[in-house]
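The values are calculated or read from the model by the stated rules, or taken from the named source; none is laboratory data. A quick note: this is a predicted structure, and the numbers were derived from the prediction, not measured. Backbone-built Cβ (ideal geometry, glycine too); neighbour counts: all protein chains shown.
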Amino acid sequence: MGNPLLAFWKTIFSTDDDRRIRRATFRVAAHSAAQASATIFLILRRMRVPLIVLIVIFSVSVLGLTVIPGQDLDGDPVRMGFFDAFYIMSYTATTIGFGEIPYPFTYNQRMWVTISIYLSVIGWAYAIGSLLALLQDRAFRSALALQHFSRKVSRLREPFLLIAGYGRTGELLGHSFDALGKRFVVLDRDHERIDGLELDSYHADVPGLTADARDPGHLAVAGLGHTCCEAVLALTDDEEANLAIVMAAALLRPELPVIARVTSRTIAERMQAFGNPSTVDPFDRFGDHLRLALRAPASYQLLTWLESGPGAALPERGSPPRDGRWIVCGYGRLGRELTIDLRAEGLDVTVIESGSPDVDDADLLVGDGSDPWVLAQADLDRAVGLVAGTDNDTTNLSLVAAARRSNPELFLAARQNRAASAPLFAAMDVDALLVPTEVIAHEVYAQLSTPLLWRFLREMPAMGDDWAAQIVDRLKGLCGARLQALWKVRLTPRDAPTTATWLASGEASLGQLLRNPENREEPLHAIVLLVMRDRDVTLAPDDDFLLRPGDELLVAGWGAARRALDTILLVPGILEYLVTGYRVPSSWLWRKLRPAHQPLRRPPDAVLDRPA
Amino acid sequence: MRFVRFEARKCRRRAKISDRRRREVHVNLEKVVFGFFVLLAATLNFGFFIGDIDDPALHNPYELFAAVVVNLIATVLKFGDRTQIGAVHLATSLVADLQLIGAALLFGYATYVSSVGMNESWTASVVSLSGGALLANIVSVVLLVVETVSFHRG
């Protein structure tokens with residue numbers, strides 16, 4: 001709160017509850033900041049001895065020079081003043097050495113100066129050495145980094161996201177949000193990840209802090225209490241830490257949306273006890289995706305394309321086998337989810353697992369899946385699909401290779417655990433690849449980039465596979481093989497000032513709006529994917545769809561189309577041309593010279609009758 | 001209400017800690033050194049200040065030098081104290097340093113640069129500046145005494 005008046009206003013008129021929360025976040029942030037200043041006080045304390053040694057050495061040397069008698073040029077005794085002595089000691093101690101002034105020294109003086117030279121050099125070396133050692137001190141540097149970071153965060157004046165845990169997922173998300181022009185703040189325990197932020201070449205400045213996100217103080221410093229904080233993302237690879245972040249966010253800022261990465265059901269349930277955070281479980285999502293891919297390949301294709309963000313290439317439409325027997329290798333969290341999902345689709349599943357898991361009523365083979373003998377037991381020739389879902393990339397790769405050799409027709413799904421193995425899996429060319437970090441990143445992106453996209457993706461599977469195939473074809477015809485921009489348009493008086501009369505006429509159809517502002521015969525290169533009106537949505541409306549004031553549209557298309565649409569909605573007169581074909585002069589003189597045009601409500605043919 | 005109770009609890013806790021400290025540790029060397037320098041700074045300053053304000057013979061430059069040096073050491077000793085009283089200590093010391101260094105600079109200017117030398121008016125300026133520093137040093141001593149007394153009460 002930079003403005004004291006604003007702070008005063010807030011104190012008086014905010015509700016009591018609101019104030020309590022603000023105070024709570026402020027207190028935890030203050031605690032964390034106090035820790036940082038404590039370190040600086042400690043550093044000052046440690047500088048006491050070197051500084052006092054330096055002062056004492058200096059003063060003793062200066063005093064000595066003023067007390068020891070010297071001689072002037074005539075041989076008369078003379079005493080050096082304080083200023084001369086201080087001057088001589090200053091240049092002697094700093095090893096500059098201008099010589100003997102104001103008169104050449106006597107032997108007595110020279111002996112004293114010799115002693116003071118050695119003393120002062122030792123004093124300087126000690127003081128500067130300790131200062132440099134303190135600057136290198138880890139605690140001091142991290143305290144400085146904390147102060148620098150909290151200053152940067154508190155100066156943020158635009159909406160930002162708080163990303164706790166900057167692993168591979170955080171990096172992918174960071175780049176997507178950066179491309180959208182959204183700011184974010186990063187917390188991670190690993191200082192190499194935070195140092196890596198500088199090398200990641202983001203457009204915007206990304207404040208990052210090496211700190212444990214489980215500490216609410218660090219979250220508060222990272223902007224949990226900041227008014228511009230939009231959402232908190234708990235993306236660390238530690239379930240407990242994610243739970244702690246969800247708790248802190250829910251207790252200190254209950255109104256903030258929280259998205260947490262989670263892989264175990266227990267933790268997910270425990271998170272639900274705090275507000276209503278949305279949890280993303282990569283294995284569960286992969287299972288859902290695989291089910292969708294089995295049932296509706298085109299819907300799955302559209303989903304993955306839109307989730308990947310701008311610039312993503314159109315994924316191939318796979319055709320997983322709909323009936324037959326599947327083999328799931330590895331019965332961990334992924335294996336369990338997939339077995340349940342595949343069974344729900346009415347498919348037979350054989351599980352291969354080396355431990356002794358509690359598989360109920362399943363076809364279970366105990367043994368190491370990468371062992372050729374065990375794999376031969378699984379009767380690969382009569383299976384239709386195989387999932388290599390262990391948490392070891394080498395095992396997964398060898399499973400895929402062995403399965404392909406014995407049955408080239410198999411549908412192969414594999415799990416990639418480490419980012420470093422990506423080229424190997426790409427060369428292997430498996431049919432479905434699960435990369436948990438990417439699944440999470442796409443999911444979070446879909447939830448946060450625009451709420452309309454998230455709504456679209458949730459409603460879309462219900463429309464059926466043929467409908468999805470049609471949409472994919474339309475998008476492909478429009479954008480080519482790479483996804484272009486996705487954006488939101490609000491038909492409100494504030495965001496679209498030129499449309500008020502047109503929308504109120506009740507005859508405003510979508511087809512009239514999506515036209516090229518230069519030539520109304522040409523359509524605009526954009527598709528409206530969804531229209532939301534008072535929480536109700538219409539997916540992919542056609543050109544006859546009638547718009548009303550307050551509608552929100554999700555539009556996909558080229559960047560040029562986005563600019564053109566902005567022009568239509570903001571510049572007066574252009575919409576008029578699109579609807580009636582009448583070009584409204586933009587300058588005052590031409591408007592006076594040309595006859596007054598018809599209001600929008602008149603049918604277009606009446607306008608065309610008039611001589612222009 | 002809650003705040004008051006919290007304060008009361010804090011006081012009780014502090015009392016307990018100081019009780020323990022009194023029983024276990026009798027002399028804290030750091031406190032002795034600190035008190036020594038604060039007091040020495042004040043006494044040296046007073047020694048320089050005392051005497052007719054415009055008589056250079058009554059104000060020894062060596063005493064001024066000693067006062068400056070001891071004041072600087074006292075300032076450094078006050079670095080890094082996080083308490084409220086520590087902050088005020090540091091502030092008074094900085095004020096005394098400022099005034100004493102000002103006095104020393106005036107003294108140097110009068111002796112080396114000014115054509116008239118250390119005459120009555122220059123002496124008066126130097127001594128009056130050191131008088132200001134003396135006031136700050138007295139505040140320091142008062143603070144020291146207050147701190148000591150409150151510590152012994154618990």
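Inside the range A:419-444, residues that are surrounded by 22 or more Cβ atoms within 10 Å (Cβ to Cβ) and either in the same structural domain as residue A:555 (by TED's automatic domain parsing) or among the hydroxyl-bearing types (Ser, Thr, Tyr) (or both) make up a count of 1. One residue stands out in the range A:56-77 among those that are aliphatic (A, V, I, L, M) and either buried (at least 19 other Cβ atoms within 10 Å of the Cβ) or touching a Pro at 6+ places or on another chain (Cβ under 9 Å) (or both): the one that is farthest from residue A:120 (Cα to Cα), namely A:73.
Here the condition is being surrounded by 15 or more Cβ atoms within 10 Å (Cβ to Cβ), at pLDDT below 85 and assigned to a loop (DSSP other than H, G, I, E, B); of A:370, A:319, A:356, it holds for A:370 alone. Of all residues in the range A:400-438, those being under 30 Å from residue A:170 (Cα atoms), in a helix (DSSP H, G or I) and either charged (D, E, K, R) or touching a strand residue (DSSP E or B) at 6+ places or on another chain (Cβ under 8 Å) (or both) number 5.
Of all residues in the range B:42-70, those that are more than 10 Å from chain A (Cβ to nearest Cβ) and touching a Ser or Thr at 6+ places or on another chain (Cβ under 8 Å) total 10.
Count of the range A:250-304 residues, restricted to those that are in a loop (DSSP other than H, G, I, E, B) and buried (at least 19 other Cβ atoms within 10 Å of the Cβ), is 6. Number of residues in the range B:81-90 that are over 16 Å from residue B:37 (Cα atoms), free of Cβ contacts under 8 Å to residues at least 12 places away in the same chain and either surrounded by 18 or more Cβ atoms within 10 Å (Cβ to Cβ) or more than 9 Å from chain A (Cβ to nearest Cβ) (or both) equals 3. The lone criterion from (1) surrounded by fewer than 15 Cβ atoms within 10 Å (Cβ to Cβ); (2) in contact (Cβ under 8 Å) with a residue 12 or more places away in the chain left unmet by residue A:153 is number (1).
Scan the range A:194-207 and give yes if some residue there is in the same structural domain as residue A:162 (by TED's automatic domain parsing), assigned to a helix (DSSP H, G or I) and in contact with a strand residue (DSSP E or B) (Cβ under 8 Å, 6 or more places away or on another chain), otherwise no. Looking through the range A:194-207, at least one residue is in the same structural domain as residue A:162 (by TED's automatic domain parsing), assigned to a helix (DSSP H, G or I) and in contact with a strand residue (DSSP E or B) (Cβ under 8 Å, 6 or more places away or on another chain).
Listed by first and then second residue, the pairs linking a residue in the range B:104-116 that is at the interface with chain A (Cβ under 9 Å from one of its Cβ atoms) to a residue that is assigned to a loop (DSSP other than H, G, I, E, B), with Cβ atoms under 8 Å apart and 6 or more places separating them unless they lie on different chains, are B:107/B:118; B:108/A:81; B:111/A:81; B:111/B:117; B:111/B:118; B:112/A:81.
Taken as a whole, the condition of being under 11 Å from the mean Cα position of the chain (by Cα), modelled with pLDDT of 95 or more and within 23 Å of residue A:41 (Cα to Cα) does not apply to residue B:74. Taken across the range A:44-67, residues that are more than 21 Å from residue A:130 (Cβ to Cβ), more than 13 Å from chain B (Cβ to nearest Cβ) and either part of a loop (DSSP other than H, G, I, E, B) or touching a residue at least 12 places away in the same chain (Cβ under 8 Å) (or both) do not occur at all.
Within the range A:562-591, the set of residues being under 30 Å from residue A:454 (Cβ atoms) and free of Cβ contacts under 8 Å to residues at least 40 places away in the same chain comprises A:563, A:566. Residues that are among the acidic types (Asp, Glu) and either over 24 Å from residue A:264 (Cα atoms) or in contact with a His (Cβ under 6 Å, 6 or more places away or on another chain) (or both) within the range A:321-338 comprise just one, A:323. Taking residue A:71 as the residue in question, decide whether it is more than 14 Å from chain B (Cβ to nearest Cβ) and farther than 27 Å from residue B:67 by Cα. In short, yes. Residues in the range A:450-472: is at least one crowded, with 20+ Cβ neighbours inside 10 Å, more than 20 Å from residue A:319 (Cα to Cα) and polar (S, T, N, Q)? Scanning the range A:450-472 turns up no residue that is crowded, with 20+ Cβ neighbours inside 10 Å, more than 20 Å from residue A:319 (Cα to Cα) and polar (S, T, N, Q).
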